[in-house]
1. Of the conditions (1) within 13 Å of the chain's Cα centre (by Cα); (2) over 18 Å from Ala4 (Cβ atoms); (3) crowded, with 19+ Cβ neighbours inside 10 Å, Ile69 fails just one. Which one is it?
2. Just a yes or no: is a residue in segment 44-65 among the acidic types (Asp, Glu), out of contact with any helix residue (DSSP H, G or I) (no Cβ under 6 Å at 6 or more places or on another chain) and within 15 Å of the ligand (Cβ to nearest atom)?
3. Could you check, for segment 93-105, whether at least one of its residues is within 13 Å of the ligand (Cβ to nearest atom), at pLDDT 95 or above and closer than 20 Å to Ile19 by Cβ?
4. If a residue must be more than 13 Å from the chain's Cα centre (by Cα) and either charged (D, E, K, R) or within 15 Å of Phe58 (Cβ to Cβ) (or both), how many such residues does segment 34-47 contain?
5. Go through (1) in a helix (DSSP H, G or I); (2) at pLDDT below 95; (3) not β-branched (Val, Ile, Thr) for His35 and report which single condition fails.
6. When the residues of segment 72-81 are narrowed to those that are within 24 Å of Asp125 (Cβ to Cβ) and within 14 Å of the ligand (Cβ to nearest atom), which ends up surrounded by the fewest Cβ atoms within 10 Å (Cβ to Cβ)?
7. Any residue at all in segment 117-129 that is within 16 Å of the ligand (Cβ to nearest atom) and either modelled with pLDDT under 95 or surrounded by 18 or more Cβ atoms within 10 Å (Cβ to Cβ) (or both)?
8. If you scan segment 17-38, which residues turn out to be surrounded by fewer than 13 Cβ atoms within 10 Å (Cβ to Cβ), of a type outside the set (S, T, N, Q) and within 16 Å of the ligand (Cβ to nearest atom)?
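The values are calculated or read from the model by the stated rules, or taken from the named source; none is laboratory data. Since the model is a prediction, treat every value here as computed from it, not as a measurement. Neighbour counts run over all protein chains shown; Cβ positions are idealised from the backbone, glycine included.
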Amino acid sequence: MKIAIGADHGGFNLKKEIIGLLEELGHEYKDFGTHSAESIDYPDVAIPVAEAVAAGEFDRGILICGTGIGIGIAANKVKGIRAALVHDSFSAKATRQHNDSNIMTMGERVVGPGLALDLVATWLDTDFEGGRHSNRVDKMSAYETK
Ligand code: RB5
């Protein structure tokens, strides 16, 4: 899979760990930064990652900030993006099966690296179920284009 990944300073360390996992799993990725612990504004990373995923340049995106919340709110402003905050294994699976989420967000200040890497692996490995869930996703897409 081709993955776009990005973080603000609050998610910078976890991003490095996740990149290690992506390499181990053999996924292609592009790191959209940030590349240091210096403070930045999370929309400056979230929006380029979300636009690249929405444009079809990447299959999925992963965004990390301190909580996973701000970076997810910003990503969800981009049409075509369904960014989901994932901090537990049930949600990691369910948001792929039910919401066809195309971006996963996490908070480095919320989850430890061990759990975070498990969540990424689960989220990447779970397919959308379609069926009744397609109607719901289609309604959100229709709203975005009206
Ligand atoms: C940065 O201090 C922090 O506000 C940011 O990483 C994130 O948690 C915002 O939602």
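1. That leaves (3) as the condition not met.
2. Going through segment 44-65, the residues among the acidic types (Asp, Glu) turn out to be 44, 51, 57, 59.
Imposing the further condition that a residue be out of contact with any helix residue (DSSP H, G or I) (no Cβ under 6 Å at 6 or more places or on another chain) reduces the set to 44, 51, 57, 59.
From the residues that got through so far, the ones that are within 15 Å of the ligand (Cβ to nearest atom) too are 44.
Yes, some residue in segment 44-65 is among the acidic types (Asp, Glu), out of contact with any helix residue (DSSP H, G or I) (no Cβ under 6 Å at 6 or more places or on another chain) and within 15 Å of the ligand (Cβ to nearest atom).
3. yes
4. Selection size over segment 34-47: 3.
5. Of everything listed in (1) in a helix (DSSP H, G or I); (2) at pLDDT below 95; (3) not β-branched (Val, Ile, Thr), His35 misses just condition (1).
6. Of everything passing the filter in segment 72-81, Asn76 is surrounded by the fewest Cβ atoms within 10 Å (Cβ to Cβ).
7. no
8. Within segment 17-38, the first condition is being surrounded by fewer than 13 Cβ atoms within 10 Å (Cβ to Cβ), and the residues that meet it are 20, 23-24, 26, 28, 35-38.
If we keep only those that are of a type outside the set (S, T, N, Q) too, we end up with 20, 23-24, 26, 28, 35, 37-38.
Passing the criteria: His35, Ala37, Glu38.
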